[in-house]
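Participant: Can you keep this structure in mind? I'll have questions shortly.
The values are calculated or read from the model by the stated rules, or taken from the named source; none is laboratory data. Since we're looking at a predicted model, the values are computed, not measured. Cβ placement follows ideal geometry from the backbone for every residue including glycine, while neighbour counts extend to all protein chains displayed. Areas reflect the complete protein model, heavy atoms only, side chains present, ligands, DNA and RNA absent. Shrake-Rupley method; radii C 1.70, N 1.55, O 1.52, S 1.80 Å.
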Amino acid sequence: MTSRRPVFFIALGLFGLYCIEFGVVGILPLIIERFHVTAARAGLLVGLFALVVAVAGPALVLLASRFDRKRVLAAALLLFAAVSALSAYAPSFGALMALRVLAALFHPVYFSLAMVAAASMYPPQQATRASAHAFIGTSMGMVLGIPLTTWVAARFGYEMSFLFCAGVNLAAAAGLIASLPPTPAGGRLSYVKQLSILRRPPLWLNIAAATVVFAAMFSVYAYAAEYLRQRTGMDGGGIGLTLAIFGLGGVLGNLLAGRLLGKGLLATVLLHPLALAGAYAVLYFCATPALTTMAVIALFWGAAHTSGLIVTQVWLSTEAPDAPEFATGLYIAFINLGVTIGSLAGGWFIERFGIQGSIVSGLLFAALALALVALKVLLYGGAPPLARRAVAARG
């Protein structure tokens, strides 16, 4: 039986990747102070990264499928490590932004090929289990990347927060080089067959819903550290602890969402925007310097936020089980478009209504996401056709 040890390093690489993408959120106040930029401009570090992934993602994933998977994955991780190390000493905000654009170009390539590589470590009937194991790295990066980088920066300094990300990606690269067998990307669907899924209107409604869910999530999350600083008066240590509790809530939320999706897909998808809206309402009205109260709020917020990852992925994939790799590329592209839209919208609302404006933006996007899911259900029903379910079962 093929060794499954590479799956750990694939997940570690996903963790490192998402630390790069979202770790800057936790040190946003330090970036604002270091480069003398506004909160809205600093938020572009998240928004522009996501926009590059959204625009370039699907094409780059298709292109990368022609090369040996091991080499592409290792090269991407080494690039992520170099970008992180250089970012620690970037001389200007523009230089930091340029480095993040470079990393963003390889983000969708690593994510999509990593999922395929993880599945190859298991028998075909266990491919979903393999993807779930690899996806742990993504979830941990999204929920723990921010509090970890915030804590490292508060304890050891601004530069160390970037060097931490570099170390994680270097370790993942070394592990994959040592353990992942060379696997040429053969046996894939033709480009024409993969692109044919774009002709499905229900898929586009699911894509739209996923995009808007992430816009809601990152209207608020992109400014999480600054929101907590202004609304509660917390210092770096308090913010880091609160975001760590947010991360714990995210882990619990993902586990709960996975169980709920197994029991009722449609009900869970409809419930998620409502949970997000509830979390934002609590943040808006109940944010306080009291750590105990904020811990409870952060647990709820983290659970509602992070469960969006698994909920939207499952919802989108139900409409394209016959082209999972390209569907993953589309998923990564459009949720990152949602991150861009949300972070830009949150910044726009902040400039006009103060830091509370990010909450208003999140609530509006949550309402739109609920409307899109309802529209898709009204037009096409809550589940894909039986023929596609059969394809999914065979995969």
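Participant: How much of the accessible area of the chain, in percent, comes from carbon and sulfur atoms when a 1.4 Å probe is used? Intermediate values should be presented prior to the final figure.
Facilitator: Numbers: 10920 of 15450 Å².
Ligands and nucleic acids excluded, carbon and sulfur give 71 percent.
Participant: Also: Taking the chain as a Gaussian network, Cα atoms linked when under 10 Å apart, which of 358, 317, 196 shows the biggest mean-square fluctuation?
Facilitator: 196
Participant: Continuing with this model, one more query. If you count only protein heavy atoms and use a 1.4 Å probe, how large is the accessible surface of residue 239, to the nearest 10 Å²?
Facilitator: The value for residue 239 is about 10 Å².
Participant: Let me ask something additional. Can you compute the radius of gyration and Dmax for segment 196-382, using only the Cα atoms, both in Å?
Facilitator: Reported Rg and Dmax, both Å: 16.5, 54.
Participant: FRET efficiency for residue 55 and residue 274, Cβ-Cβ distance as r, R0 = 25 Å, nearest 0.05?
Facilitator: 0.20
Participant: Helix-only estimate, please: 222 nm mean residue ellipticity of the chain, summing -39500 (n - 2.57) across DSSP H runs of length 4 or more and dividing by its residues, to the nearest 500.
Facilitator: Working: 17 runs with 329 residues, N = 395.
It comes out at -28500 deg cm²/dmol, rounded to the nearest 500.
Participant: Quote the charge dipole size of segment 155-307 about the Cα centre in Debye, to the nearest 20; the model charges only the Cβ of Lys and Arg (+1) and of Asp and Glu (-1).
Facilitator: Working: 9 positive and 3 negative charges, 129 e Å.
The dipole of segment 155-307 has a size of about 620 debye.
Participant: May I ask you to derive the relative contact order of the chain, considering only C-alpha pairs under 8 Å and at least 6 residues apart, and to give it as an integer percent? Could the numbers behind the result be given before it?
Facilitator: Working: 668 pairs, mean separation 106.8, N = 395.
Answer for the chain is 27 percent.
Participant: Heavy atoms only, 1.4 Å probe, whole protein assembly: order 286, 19 by accessible area, highest first. Before the final figure, lay out the partial values.
Facilitator: Numbers: 286 65, 19 5 Å².
Result, largest first: 286, 19.
Participant: Determine the distance separating the Cα centre of segment 346-365 from the Cα centre of segment 34-66; give it in Å without decimals.
Facilitator: So the two Cα centres are separated by 21 Å.
Participant: Any idea how far apart residue 293 and residue 265 come out in nm if each label point goes 7 Å out from Cα toward Cβ?
Facilitator: Result: 4.2 nm between the two label points.
Participant: Same structure again: Where a Cα-Cα gap under 18 Å defines reach, which aspartates and glutamates qualify for residue 70, not counting those fewer than 8 residues away within the same chain?
Facilitator: 325
Participant: Let me ask you something else. Any idea what the dipole of the chain comes to, in debye rounded to 20, about its Cα centre with Lys/Arg Cβ at +1 and Asp/Glu Cβ at -1?
Facilitator: With only Lys, Arg, Asp and Glu charged at Cβ, the dipole is about 980 debye.
Participant: What distance in nm lies between label points placed 7 Å from Cα along the C-beta direction at residue 235 and residue 160?
Facilitator: 1.6 nm
Participant: Mind running the shape call on segment 150-282? Use the C-alpha gyration tensor, a ≥ b ≥ c as the square roots of the eigenvalues: rounded below 1.5 for a/c, prolate if a/b tops b/c, oblate otherwise.
Facilitator: Details: a/c = 2.27, a/b = 1.19, b/c = 1.91.
Oblate, since a/c reaches 1.5 and b/c is not below a/b.
Participant: Of 87, 58, 8, whose Cα points farthest to the positive end of the dipole of segment 1-180 (charges on the beta-carbon: +1 Lys, Arg; -1 Asp, Glu; origin at the Cα centre)?
Facilitator: 8
Participant: Let me ask something additional. Projected onto the charge dipole of the chain (+1 at Lys/Arg Cβ, -1 at Asp/Glu Cβ, origin at the Cα centre), which of 177, 306, 223 gives the Cα projection farthest towards the positive end?
Facilitator: The residue sitting farthest along the positive end of the dipole is 177.
Participant: Dipole of segment 196-382 (Lys/Arg Cβ +1, Asp/Glu Cβ -1, origin at the Cα centre): which of 239, 379, 341 lies farthest to the positive side?
Facilitator: 379
Participant: Check the straight Cα-Cα distances from residue 376 and name the lysines below 18 Å, setting aside those fewer than 8 residues away within the same chain.
Facilitator: Within the straight-line cut-off, residue 376 pairs with nothing.
Participant: Turning to a different aspect of this structure: By what distance, in whole Å, do the Cα atoms of the chain stretch along each of the three principal axes, largest value first?
Facilitator: 54, 49, 33
Participant: Mind checking segment 64-116 for trypsin sites (Lys or Arg not before Pro) that DSSP puts in a loop (not H, G, I, E or B) and that have at most 11 other Cβ atoms within 10 Å? Each step should come with its number before you reach the end.
Facilitator: Working: sites: 66, 69, 70, 71, 100; in loops: 66.
Passing sites in segment 64-116 are 66.
Participant: Report the semi-axes of the equivalent ellipsoid for segment 1-180 in whole Å, largest first, where each axis is √(5λ) for an eigenvalue λ of the Cα gyration tensor.
Facilitator: Working: eigenvalues 170, 55, 36 Å².
Sorted largest first and rounded, they come to 29, 17, 13 Å.
Participant: Using a basic spin-label model with each label point 7 Å from the Cα along Cα→Cβ, how many nm lie between residue 98 and residue 174?
Facilitator: Rounded to a tenth, the inter-label distance reads 3.0 nm.
Participant: Could you give the length gained by full extension between residue 71 and residue 286, i.e. 0.36 nm per residue of separation minus their alpha carbon distance, to one decimal place?
Facilitator: Details: separation 215, 0.36 × 215 = 77.40 nm, distance 4.94 nm.
Working it through step by step, the gained length comes to 72.5 nm.
Participant: How big is segment 33-81 along each principal axis, measuring the range of its Cα positions in Å and listing the largest first?
Facilitator: For segment 33-81, the Cα spread along each principal axis is 43, 23, 8 Å.
Participant: How big is the dipole moment of segment 1-130 about its Cα centre under a simple scheme where the beta carbon of each Lys and Arg is +1, that of each Asp and Glu is -1, and everything else is neutral? Debye, nearest 20, please. Mind showing how you got there, number by number?
Facilitator: Details: 10 positive and 3 negative charges, 76 e Å.
So the dipole magnitude of segment 1-130 works out to roughly 360 debye.
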